1. Under the definition of Cα pairs under 8 Å and six or more residues apart, what whole-number percent is the relative contact order of the chain?
2. Enumerate the calculated ³J(HN,Hα) couplings along the range 32-41 in order (Karplus 6.51 cos²θ - 1.76 cosθ + 1.60, θ = phi - 60°), each rounded to whole Hz, writing x wherever the residue is Gly or Pro.
3. Taking only protein heavy atoms and a 1.4 Å probe, what accessible area per residue, in Å², does the chain have with all protein chains in place?
4. If I compute solvent accessible area with a 1.4 Å probe over the protein chains, what percent of it on the chain is carbon and sulfur?
5. Kirkwood Rh over Cα pairs of the chain into Stokes-Einstein at 20 °C, 1.002 mPa s: D in µm²/s?
Amino acid sequence: MRPDFAIHPAAAGDLSGLMALYRHLNPADPLLDDMTAEKRFSTVLAQPCMTVLTGFTRDIAVAT
């Protein structure tokens, strides 16, 4: 059983949930196409000495 809220380092598989979260929080921002979003996210995740923490409630991204 998973806890109701969990925090873990972001991974490539979290991108779609994070994109949905960001669209919810900033609906007026322009949309990125999937390829651009994946490239930028992988660049962020590959930075040394940097960890993006992501909060999930029941497998839904709710914080970063």
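The values are calculated or read from the model by the stated rules, or taken from the named source; none is laboratory data. Remember, it's a predicted structure, so these values are computed and weren't measured experimentally. Accessible surface areas use protein heavy atoms only, side chains included; no ligands, DNA or RNA. Shrake-Rupley method; radii C 1.70, N 1.55, O 1.52, S 1.80 Å.
1. Numbers: 57 pairs, mean separation 34.3, N = 64.
So the answer I get is 54 percent.
2. With the stated coefficients, the range 32-41 comes to 8, 6, 4, 5, 5, 4, 4, 5, 5, 5 Hz.
3. On the way: 5000 Å² over 64 residues.
Accessible area per residue, the chain: 78 Å².
4. C and S fraction of accessible area: 61 percent.
5. Stokes-Einstein gives a translational diffusion coefficient of 171 µm²/s.
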